[in-house]
Structure formats: C-alpha cells, structure tokens
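Notes for the one structure printed next.
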Amino acid sequence: MTQCTVQLGDRAYPIEIAAGLLGQTACFDVLADRPRLLLTDQNLARLHLPRLQATLSLPDDSCLIIPPGELQKSWDQAERLFDALLARRFARDGVLLTLGGGVIGDLGGFVAALYQRGIDFLQIPTTLLAQVDSSVGGKTAVNHPRGKNMIGAFHQPIAVVADLDTLKTLPPRELRAGVAEVIKYGLLGDAAFFAWLETHLDALLALDPAITAQTIAHCCQMKARIVAEDEREAVGGGVRALLNLGHTFGHAIETFTGYTEWLHGEAVATGMVMAADCSARLGWITPDIATRARDLIARAGLPVKPPAGMTVEGFKDLMGHDKKVAKGQLRLVLLRGLGAAVLTADFDPAALDATLAAAVA
Ligand SMILES: NC(=O)c1ccc[n+]([C@@H]2O[C@H](COP(=O)([O-])OP(=O)(O)OC[C@H]3O[C@@H](n4cnc5c(N)ncnc54)[C@H](O)[C@@H]3O)[C@@H](O)[C@H]2O)c1
Ligand SMILES: [Zn+2]
C-alpha cells in the first residue's frame, strides 16, 4: 500500500492507495464510531457499494443513491441532499462518505462544506480521474448553466481511500478520460513522468497493477505537494492554477456541449492539445513538444479536436466566463517547456486566435 499525506497543518490528511481497500476496515479507522452517511450513484451502488457496506456495517438507509452523470452536479441536487441530511437529523459530528467519481466527490464535498456550516467528509474515489485528481485537494462545486464549477467551496476531506480494484469495472471511455488528467501532470510539471508515460501508456490503459499503482501514487504525490503549497489557488496565480492546464479550453467545450456529450477528461485532453499548440505558436515550446503532447493524447484514445459547430467567437465567449479571468483579462495556463507550465495573461492574442482558428477548422 502507498500512503501519502496532504500537509495542511492540523487539517493534514492521508491518501491511501492500494487494491482491495474497500474490504479493509483499517483504512476507515478515522471514522471511529461517528455517525455516517454515504453518497453514491446507481452504478457504484450496483458494483461496489455492497462490499463497502459489509466492511463498514453500513445499513441501506444510510446510503443516499442518486443517478450518475455530470448533470447531477447541480444546485437542485445539492438541495435535495440537504433535505435528506436534515430529514435524517444528521448532526455535525457525522461524516459524509462519498463513493464514486468526481461528480459524487465534488457534489458530496460541496454538500459537506455547506451543511451546518461544514461537516467532515471522506472521499472514496472510484474513477481514475477521481483517484489522481478530484478527490485530493478540497475543491468542491456544483455547475451553473452559465459555467462549470461556478458555485463551490474549498473543503478538505479527512481522508482519501483509493481502491485500485474499483477501476476494473470502469467503462474504457471513462478510464481514458482519467488518463487525460494523468498526462496533464507530466505536461505541467514533470517531463520525466511524461516520458515514463510515453513508455507505459499501454500498460496503464490495460490496468497493469504495478503501473497503475505507480501512476496513481505519483499523481497524488504531485497534487498533494501543489495543494500544500497553494491550498486555495491564490488569485495572483499560485502554483495550484497550473493544474488547470487545458481546462479553460476544456470548460468551454463542456459548456458548449451542455455537460453531456463530452466527458470532462476528454474536453481537458483537447484543451491540452490547444494549450500546447498555442505555446508552440508563441515560440515558447518547440513544435516537437506540442506534437509529443498531441500524440500521447491521441494514443490514449482521447479527442484532439473540439466538437463540430464550435467557432472562434464561441470559444472566446465561453472562455471569458472562466474563473481564470482576472481584471477582465483572459489568463491561460500555457507551456514554457515540457513539464514547465505557467499561468499568464501576457501572450500575443494573435497566437490564441490562430490556435482557435486551426482547432475549429
Ligand atoms: N475537485 C477537483 O479538484 C476536480 C478535479 C478534476 C475534475 N473534477 C470534476 O470531476 C468530474 C468528473 O469526474 P469523473 O470523470 O470521475 O466522472 P463521474 O463521476 O461522472 O464518473 C464517470 C462515470 O463512471 C461511473 N463510475 C464511477 N466509478 C465507476 C467504477 N469504478 N466502475 C464503473 N463505473 C463507475 C459513474 O457512475 C459515472 O457514470 C467533473 O465534474 C469535474 O469537474 C473535479
Ligand atoms: Zn480536470
């Protein structure tokens, strides 16, 4: 088992990573005998909830089961969950457990952040994306029709328990979407890891146990370090903002497609191709780095072009709503090298125009 820690003083918490954790009581010791409710979706309820219920002796009426999908990450669904918690008289000493992907983790964390001004929650991520990214770091949110993750809060979990066995039931398309966020870590901050992925991508896609464990541990260590340094994504542009490589373009794609057709990781994949393309047009990276990024993303079976129907103007309008906009200026995470991302508003807008025009052509 790998364990890493997110170092946040008295709010520090462990990330446990291994196969079979849902069957092991030890990694849930932090719950002690506190009251608990679990949030999950219908897919997980069918596939993995029974094992966890047995481990935690969790009765059915302590499990809140909602439909799967990004559309559930909504204010309406959060309100229904507040109702459910209040109806059960769930008190502040309780812990909310979230079993699922980023949707369940973001939504459950958001509810935990607001309910009675904040209760504890514990993340049990079951998608690759959630295990390498969304379950760690305390960003919680719901979507607004005008933009992704627009309503949210920072609220750190008390622990993260990532059982690698859960990935075996993940639909292949969801696995590939998670690989997008894995590639992101290499591109933004670790050239050696990017090169390692070029060698081991096929093993990762085949869920080779050793390669998968190594990948997830490496990504969690990177994320834990970044979060410890810049927990709340300092507005001036702290290191955490770099985790949004590809996301400003990607969020525009997700909003354009109504959060339904494209998976988050797929949109981010195309966004990273566009960020690399823009960086190359600016002369900040050599064209061969942009090509390597595009090739690895394509090899992972991820899209490298935005959906038909998107236009340069449409992109710009949607990107203008992004949280990375400051003082009316669009800021982008771009590359100054392989593994060397920067957040900046200081770029020639003609390069962005050229990237958008080439992408939608
Ligand atoms: N908080 C953060 O820092 C952060 C970071 C990255 C992404 N996110 C958010 O994460 C969300 C995407 O998360 P996701 O990609 O995990 O999607 P998801 O939560 O929608 O899960 C994807 C699908 O896979 C199913 N599923 C989950 N685990 C499964 C398993 N083990 N076996 C079979 N099916 C399973 C789910 O039911 C769902 O249908 C987005 O809303 C994104 O904004 C948040
Ligand atoms: Zn993401």
* **Search result, residues across the range 76-93 that are free of Cβ contacts under 8 Å to residues at least 60 places away in the same chain and either of a type in the set (G, A, S) or not in a loop (DSSP other than H, G, I, E, B) (or both)** => D76, E79, R80, L81, F82, D83, A84, L85, L86, A87, A91
* Can you tell me which residue among T270, T344, T311 is of a type in the set (S, T, Y) and either under 20 Å from V182 (Cβ atoms) or in the same structural domain as K148 (by TED's automatic domain parsing) (or both)? => T270
* Residue list for the range 93-115, filter: of a type in the set (G, A, S) and under 24 Å from E181 (Cα atoms) -> G100, G101, G102, G105, G108, G109
* Asked: Is it the case that some residue within the range 119-126 is of a type in the set (V, I, T), part of a loop (DSSP other than H, G, I, E, B), without any contact (Cβ under 8 Å) to a residue 60 or more places away in the chain and within 16 Å of ligand 2 (Cβ to nearest atom)?
  -> no
* Which one of these is more than 16 Å from ligand 2 (Cβ to nearest atom) and either of a type in the set (S, T, Y) or closer than 25 Å to G238 by Cβ (or both): A203, A191? -> A191
* To do: Consider K184 carefully, then state whether it is in the same structural domain as F249 (by TED's automatic domain parsing), of a type outside the set (F, W, Y) and touching a helix residue (DSSP H, G or I) at 6+ places or on another chain (Cβ under 7 Å).
  => yes
* To do: Determine whether V132 is part of a helix (DSSP H, G or I), of a type outside the set (G, A, S), within 16 Å of ligand 2 (Cβ to nearest atom) and in contact with a helix residue (DSSP H, G or I) (Cβ under 9 Å, 6 or more places away or on another chain).
  => yes
* To do: At least 1 residues that are over 19 Å from L352 (Cα atoms) and more than 12 Å from ligand 1 (Cβ to nearest atom) in each: list the helices (runs of 4 or more DSSP H) lying fully within the range 207-309 that qualify.
  => 209-229, 287-299
* To do: Scan the range 154-165 for residues that are closer than 15 Å to M1 by Cβ, touching a Ser or Thr at 6+ places or on another chain (Cβ under 9 Å) and not aliphatic (A, V, I, L, M) and report the count.
  => 1
* Structure fact -> Result of the Cβ filter at 6 Å on the range 163-174, keeping first residues that are among the acidic types (D, E) and partners that are part of a helix (DSSP H, G or I), at least 6 apart or interchain, is D163/L21; D163/L22
* State all residues of the range 254-269 that are in contact (Cβ under 8 Å) with a residue 40 or more places away in the chain and away from ligand 2 (no atom under 12 Å from the Cβ); if no residue qualifies, say none. => T255, F256, T257, Y259, T260, E261, W262
* Might you check whether a residue that is within 16 Å of ligand 2 (Cβ to nearest atom) and surrounded by 20 or more Cβ atoms within 10 Å (Cβ to Cβ) occurs anywhere in the range 229-238? => yes
* To do: Would you tally the residues in the range 27-69 being assigned to a strand (DSSP E or B) and more than 16 Å from ligand 1 (Cβ to nearest atom)?
  => 2
* To do: Mind listing just one residue for me: the one in the range 110-121 that is within 15 Å of ligand 1 (Cβ to nearest atom) and touching a helix residue (DSSP H, G or I) at 6+ places or on another chain (Cβ under 9 Å) and, of those, farthest from S135 (Cα to Cα)?
  => V111
* Within the range 96-109, tally of residues that are in a helix (DSSP H, G or I) and within 16 Å of ligand 2 (Cβ to nearest atom) -> 7
* Structure fact -> The residue that is surrounded by the fewest Cβ atoms within 10 Å (Cβ to Cβ), considering only those in the range 135-146 that are within 15 Å of ligand 2 (Cβ to nearest atom) and assigned to a loop (DSSP other than H, G, I, E, B), is G138
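The values are calculated or read from the model by the stated rules, or taken from the named source; none is laboratory data. It should be emphasised that the depicted structure is a prediction, and the values quoted were computed from it without experimental measurement. Positions of Cβ are backbone-derived with ideal geometry, glycine not excepted, and every protein chain shown enters the neighbour counts.
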